[in-house]
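Enquirer: Input: one structure, supplied below.
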Amino acid sequence: MTLDFLGNLQRTHKCGELRSTNSGETITIMGWVNRRRDHGNLIFLDVRDRTGITQVVLDKEVSPVAHAKAEAARPEYVVAVTGRVRERGDGLKNPKMETGDIEVVAEELLLLNDAKTPPFSPAEDAIANEEVRLKYRYLDLRRTEMQKNFAMRSRVAMAIRNYLVDEGFLEIETPFMTRSTPEGARDYLVPSRVHPGHFYALPQSPQIFKQILMVAGFDRYFQIARCFRDEDLRADRQPEFTQIDLETTFPQQETIFRIVEGFLRVAFKAAGIELGTESFVQMTYDEAIAKYGIDKPDMRLPAMVDLSAQLTAELRETLKIDPALPVLGFTIPRVGELSGTARKALLSEIRGGFGDCGLDFLDVARLRTNAAFVPLAEAIDGKLSMEMAIFDGTSHTGNDLAVVITPKPGTPEMWNYDRQWIWKRVGQLRLDLAKKYADKHGLFTQTGTAADFKFLWVTDFPMYEWNEEHKTWDAAHHPFTSPHEDDITSGRLVNDKGTVRALAYDIVLNGTELGSGSIRIHRKDVQAEIFRSLGMSDEEAHERFGFFLDALEYGTPPHGGIALGLDRIVMILAGATSLREVIAFPKTAKAIDLMVDAPTPVSDIQLRDLSLRVTKRS
Ligand code: ASP
């Protein structure tokens, strides 16, 4: 078979564009053969490009040459078709295809390129073997679903860009080859040839640069920036990922909130979702823990309720519950009546999950069978109903699963230096059970409207986290985050680190952290104090961040900002379950690019140039 040249032939239409109104026109389309059906004198080719698919008919009687070529064509061949658009006859229209009312009767067919039989067909849904998809990523990306994801990603990014530019932000690029940025992950390092033994670090974020841009008077900066973090990967993590990164001078937290809410609105609109104009819910970290047991609450479910007051000292004694520790409960809606066996299995699953930490399941259904405990069961129902009323205006019924968790006497108040461990443990159970019964309650099912998306701001995070291994207080965020002004003046920063609050905030959507940011330290004395309080000597601080401390001495304005994960936002909007569905060339969970096969060893010459030697670790 000889292939044709493109010559001067030009497309007049894309494959997804033709409609009945084009009937009678002579057009030219180009693309891939999606499917081919051979009926002897009639051959049908479905021709596909990014915009859609058009059915092309090759009639031996109309054009024997083109028909002969179509006999040779196979799926994924690249073709150009010139022909006349014709309305399909009654009964032959395909309402599932946007171009389903028409077909193109080919006058000329060019075979621009052939194709081996692909390991999987881009005309089909995704195959289960993700490794094959990633190895032949170009074929995987040809699939309609992937093309849609990337078209949406592009629209979303552009909407955000336009919004921020309109709000007075300048887009400024910052270097990839730089030095370590303290975001808490391991760095990817780049060896310097010119300076043997010296390394650049790829940025974990543009953090220091964006702050320096504020010192430099740019007032408002943003960047859709690539970040690199060498950490263990999960479905929603990649070694390199993209952040919508921004910083502004003279902000309050609310300034940042309004900007982010604004660009999320346009981003969601670009994906077909109208979010409405109300500001997002705000909640302090302590409230989030008390009500949801987690710092990224999923508000698509009812919150936890504190039942401590319902469990009087007397009741606690009879039911063998710790006299002082909290009793927490929650509802999983619409689970329905559980059979005896299902109930037993659930109980042992919950108890098994708790192990011997001291927490136990209180069976409210059983309480009801004993007259002495009926008032307690009713009081618990009452509290759960109050929360249901707040949640969706209904009340707690027997159709909902009530979960009440009690600490046995002697349960530790602190676990791993964490006073909030009981709330967190019960919060985790709430999420696990919500996942388990997702089909029943349907609260995670996407309806394609704003109701699917529960945003909130979490504020007042703790400034420090206790590191038991090193017996140190570590910064819970990067060390440029400002403590609350009150906690500086009250002396807590020095005397009571565990209670210091940070001017840090997270934006959360449906239980996923979309981004975090903070008001920064803009004074050198406070910054030096924070480094010191993190156990960094003045010399060490100077060695690592001297340039930054210097910059703080030359008139640094108050400033703050945030960064949101673009990949995650697009993943949620696409209804995908992995970031790999919205990153064109992602890495596997083992940080491998299967298509280009990276990382690889390098030649001895390259190593020598870089003054490096590879040794095997025993
Ligand atoms: N640099 C931070 C991060 O990557 C975000 C910020 O504080 O603006 O999480």
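The values are calculated or read from the model by the stated rules, or taken from the named source; none is laboratory data. Predicted model only: the values in this text are computed from it and were never measured. When we count neighbours, we look across all protein chains shown, and the Cβ atoms used for this are built from the backbone with ideal geometry, even at glycine.
Enquirer: Which one of the conditions (1) within 16 Å of the ligand (Cβ to nearest atom); (2) among the small types (G, A, S); (3) under 30 Å from V266 (Cβ atoms) does G511 fail to meet, given that it meets all the rest?
Expert: Failing condition for G511: (1).
Enquirer: Another question, if that's okay. Restricting attention to the stretch 488-501, does a residue exist that is within 12 Å of the ligand (Cβ to nearest atom) and either surrounded by 14 or more Cβ atoms within 10 Å (Cβ to Cβ) or of a type outside the set (S, T, Y) (or both)? Steps first, please.
Expert: The initial filter retains those residues of the stretch 488-501 that are within 12 Å of the ligand (Cβ to nearest atom), namely none.
Checking the stretch 488-501: not a single residue is within 12 Å of the ligand (Cβ to nearest atom) and either surrounded by 14 or more Cβ atoms within 10 Å (Cβ to Cβ) or of a type outside the set (S, T, Y) (or both).
Enquirer: Suppose the filter is within 16 Å of the ligand (Cβ to nearest atom) and surrounded by 17 or more Cβ atoms within 10 Å (Cβ to Cβ); does A185 pass it? Give the derivation first.
Expert: Details: within 16 Å of the ligand (Cβ to nearest atom): yes; surrounded by 17 or more Cβ atoms within 10 Å (Cβ to Cβ): yes.
Considered against the rule, which asks whether it is within 16 Å of the ligand (Cβ to nearest atom) and surrounded by 17 or more Cβ atoms within 10 Å (Cβ to Cβ), A185 comes out as yes.
Enquirer: Only one residue in H542, H559, H484 is surrounded by fewer than 21 Cβ atoms within 10 Å (Cβ to Cβ) and either within 27 Å of T459 (Cα to Cα) or within 16 Å of the ligand (Cβ to nearest atom) (or both), so which one is that? Let's see the steps before the verdict.
Expert: On the way: H542 fails: either within 27 Å of T459 (Cα to Cα) or within 16 Å of the ligand (Cβ to nearest atom) (or both); H559 fails: surrounded by fewer than 21 Cβ atoms within 10 Å (Cβ to Cβ).
The match here is H484.
Enquirer: Would you mind telling me which numbered condition in (1) farther than 18 Å from P297 by Cα; (2) in contact with a Lys or Arg (Cβ under 8 Å, 6 or more places away or on another chain); (3) assigned to a loop (DSSP other than H, G, I, E, B) T447 fails?
Expert: Result: T447 fails condition (2) only.
Enquirer: Okay, next question. Tell me, please, whether a residue that is touching a strand residue (DSSP E or B) at 6+ places or on another chain (Cβ under 8 Å), part of a strand (DSSP E or B), more than 27 Å from K148 (Cβ to Cβ) and not acidic (D, E) can be found in the stretch 58-75.
Expert: Yes, there is a match, as at least one residue in the stretch 58-75 is touching a strand residue (DSSP E or B) at 6+ places or on another chain (Cβ under 8 Å), part of a strand (DSSP E or B), more than 27 Å from K148 (Cβ to Cβ) and not acidic (D, E).
Enquirer: Moving on. Show the residue pairs that are 6+ apart or on different chains and have beta-carbon atoms under 9 Å apart, the first residue being within the stretch 197-217 and within 13 Å of R186 (Cα to Cα) and part of a loop (DSSP other than H, G, I, E, B), the second being within 13 Å of the ligand (Cβ to nearest atom) and β-branched (V, I, T).
Expert: P203/T174; P203/T181; Q204/T181; S205/T181
Enquirer: Let me ask something else. Look at H477 and say whether it is within 16 Å of the ligand (Cβ to nearest atom), closer than 30 Å to D452 by Cβ and in a loop (DSSP other than H, G, I, E, B). Spell out how you get there, then give the answer.
Expert: On the way: within 16 Å of the ligand (Cβ to nearest atom): yes; closer than 30 Å to D452 by Cβ: yes; in a loop (DSSP other than H, G, I, E, B): yes.
Here the answer is yes, as H477 does meet what is asked.
Enquirer: May I ask you to verify whether D400 is surrounded by 13 or more Cβ atoms within 10 Å (Cβ to Cβ), over 23 Å from L325 (Cα atoms) and modelled with pLDDT under 95?
Expert: On the way: surrounded by 13 or more Cβ atoms within 10 Å (Cβ to Cβ): yes; over 23 Å from L325 (Cα atoms): yes; modelled with pLDDT under 95: yes.
Against the criterion (surrounded by 13 or more Cβ atoms within 10 Å (Cβ to Cβ), over 23 Å from L325 (Cα atoms) and modelled with pLDDT under 95), D400 qualifies.
Enquirer: Which residues, counting only those in the stretch 173-194, are part of a loop (DSSP other than H, G, I, E, B), charged (D, E, K, R) and touching a strand residue (DSSP E or B) at 6+ places or on another chain (Cβ under 6 Å)?
Expert: Filtering the stretch 173-194 for residues part of a loop (DSSP other than H, G, I, E, B) gives 173-177, 179-185, 187-188, 192-194.
Next cut, charged (D, E, K, R) only: 173, 179, 183, 187, 193.
R179, D187, listed by residue number.
Enquirer: Filter the stretch 55-72 down to the residues that are surrounded by fewer than 20 Cβ atoms within 10 Å (Cβ to Cβ) and touching a helix residue (DSSP H, G or I) at 6+ places or on another chain (Cβ under 8 Å), then identify the one that is farthest from L92 (Cα to Cα).
Expert: The qualifying residue farthest from L92 (Cα to Cα) is K60.
Enquirer: So, one more: State yes or no: is L429 aliphatic (A, V, I, L, M), surrounded by 19 or more Cβ atoms within 10 Å (Cβ to Cβ) and either modelled with pLDDT under 95 or in contact with a Phe, Trp or Tyr (Cβ under 7 Å, 6 or more places away or on another chain) (or both)? Walk me through it before giving the result.
Expert: On the way: aliphatic (A, V, I, L, M): yes; surrounded by 19 or more Cβ atoms within 10 Å (Cβ to Cβ): yes; either modelled with pLDDT under 95 or in contact with a Phe, Trp or Tyr (Cβ under 7 Å, 6 or more places away or on another chain) (or both): no.
Against the criterion (aliphatic (A, V, I, L, M), surrounded by 19 or more Cβ atoms within 10 Å (Cβ to Cβ) and either modelled with pLDDT under 95 or in contact with a Phe, Trp or Tyr (Cβ under 7 Å, 6 or more places away or on another chain) (or both)), L429 does not qualify.
Enquirer: Something else about it: Which of the numbered conditions does L566 fail, given that it passes all the others? Conditions: (1) more than 16 Å from the ligand (Cβ to nearest atom); (2) surrounded by 12 or more Cβ atoms within 10 Å (Cβ to Cβ); (3) among the aliphatic types (A, V, I, L, M).
Expert: It is condition (1) that L566 fails.
Enquirer: Quickly run through the stretch 243-270 and pick out the residues that are within 13 Å of the ligand (Cβ to nearest atom) and within 16 Å of F209 (Cβ to Cβ). If you could, list the steps in order and put the result at the bottom.
Expert: Initially, the stretch 243-270 is screened for residues within 13 Å of the ligand (Cβ to nearest atom), giving 243-248, 251, 253, 256, 259-260.
The answer is Q243, I244, D245, L246, E247, T248.
Enquirer: Shifting gears a bit: Looking at (1) assigned to a loop (DSSP other than H, G, I, E, B); (2) touching a residue at least 24 places away in the same chain (Cβ under 8 Å), find the lone condition where E103 falls short.
Expert: Unmet for E103, out of (1) assigned to a loop (DSSP other than H, G, I, E, B); (2) touching a residue at least 24 places away in the same chain (Cβ under 8 Å): (1).
Enquirer: If I filter the stretch 229-246 down to residues being over 13 Å from I583 (Cα atoms) and surrounded by fewer than 20 Cβ atoms within 10 Å (Cβ to Cβ), which single residue comes out as modelled with the lowest pLDDT?
Expert: The qualifying residue modelled with the lowest pLDDT is R234.
Enquirer: Check off (1) surrounded by fewer than 18 Cβ atoms within 10 Å (Cβ to Cβ); (2) assigned to a loop (DSSP other than H, G, I, E, B); (3) among the aliphatic types (A, V, I, L, M) for A123 and give me the number that stays unchecked.
Expert: (1)
Enquirer: Within the stretch 270-286, identify whether any single residue is out of contact with any helix residue (DSSP H, G or I) (no Cβ under 9 Å at 6 or more places or on another chain) and either assigned to a helix (DSSP H, G or I) or more than 30 Å from A450 (Cα to Cα) (or both), and answer yes or no.
Expert: yes
Conditions tested, residue by residue: (1) surrounded by 16 or more Cβ atoms within 10 Å (Cβ to Cβ); (2) more than 18 Å from N113 (Cβ to Cβ); (3) among the aliphatic types (A, V, I, L, M).
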site	(1), (2), (3)
C15	yes, no, no
G40	no, yes, no
V47	yes, no, yes
P75	yes, no, no
T82	yes, no, no
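Enquirer: Let me confirm something: among F209, F199, F222, which residue is modelled with pLDDT of 95 or more and away from the ligand (no atom under 16 Å from the Cβ)? Before the answer, list the steps.
Expert: On the way: F209 fails: away from the ligand (no atom under 16 Å from the Cβ); F222 fails: away from the ligand (no atom under 16 Å from the Cβ).
Being modelled with pLDDT of 95 or more and away from the ligand (no atom under 16 Å from the Cβ) holds for just one of F209, F199, F222, which is F199.
Enquirer: Moving to a separate point now. Kindly establish whether E465 is more than 15 Å from the ligand (Cβ to nearest atom) and part of a loop (DSSP other than H, G, I, E, B). Reasoning before the result, please.
Expert: Details: more than 15 Å from the ligand (Cβ to nearest atom): yes; part of a loop (DSSP other than H, G, I, E, B): no.
Against the criterion (more than 15 Å from the ligand (Cβ to nearest atom) and part of a loop (DSSP other than H, G, I, E, B)), E465 does not qualify.
Enquirer: Which ones in the stretch 532-582 are at pLDDT below 95 and on the phi > 0 side of the Ramachandran plot?
Expert: Listed by number, the residues that qualify are G535, G575.
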